[in-house]
Amino acid sequence: MKKDIHPKYYYQAKVTCQCGNTFITGSTKPELHVDICSACHPFFTGGGEKFINRGRVDRFRAKMAAAQAFREKKNKKKPQKKVAQA
């Protein structure tokens, strides 16, 4: 290995999550700030998704219901009027 080309490695780098959890790990930076960690990630905590765009889901369901109603209306046969013959 060449000398003086590699970054300094910190064996006691402090990682801070937005949820408030902190832990020590190794890194090339002495302090790290992360958005999500194993303490708050849904995969590790067993929780569901944190964010879902309800407006988009509701619009999709409304569109599918309207399409189903249109199909039912189209398939429904109208009674034919009887024409009197003279």
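The values are calculated or read from the model by the stated rules, or taken from the named source; none is laboratory data. A quick note: this is a predicted structure, and the numbers were derived from the prediction, not measured. Note that we place each Cβ from the backbone using ideal geometry, even for glycine, and neighbour counts take in every protein chain shown.
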Item to check | Hits in segment 7-46 - residues which are in a loop (DSSP other than H, G, I, E, B) and in contact with a Pro (Cβ under 6 Å, 6 or more places away or on another chain) | outcome: Thr28
Checklist outcome for this item: Output for Cβ contacts, cut-off 8 Å, separation at least six or different chains, first residue farther than 15 Å from Thr16 by Cβ in segment 36-49, second at pLDDT 75 or above, reads Phe44/Ser38; Thr45/Ala39
Next on the checklist: I need the full set of residues from segment 1-47 which are at pLDDT 90 or above and of a type in the set (Gly, Ala, Ser), in order please.
Outcome noted: Ala13, Gly26, Ser27
Checklist entry - Inside segment 48-59, can you point out the residues that are part of a helix (DSSP H, G or I) and at pLDDT below 85? => result Arg54, Gly55, Arg56, Val57
Checklist entry - Which residue pairs have Cβ atoms closer than 6 Å, lie 6 or more positions apart in sequence or on different chains, and pair a first residue in segment 1-30 that is over 24 Å from His41 (Cα atoms) with a second residue that is among the small types (Gly, Ala, Ser)? => result Tyr10/Ser27; Tyr11/Gly26
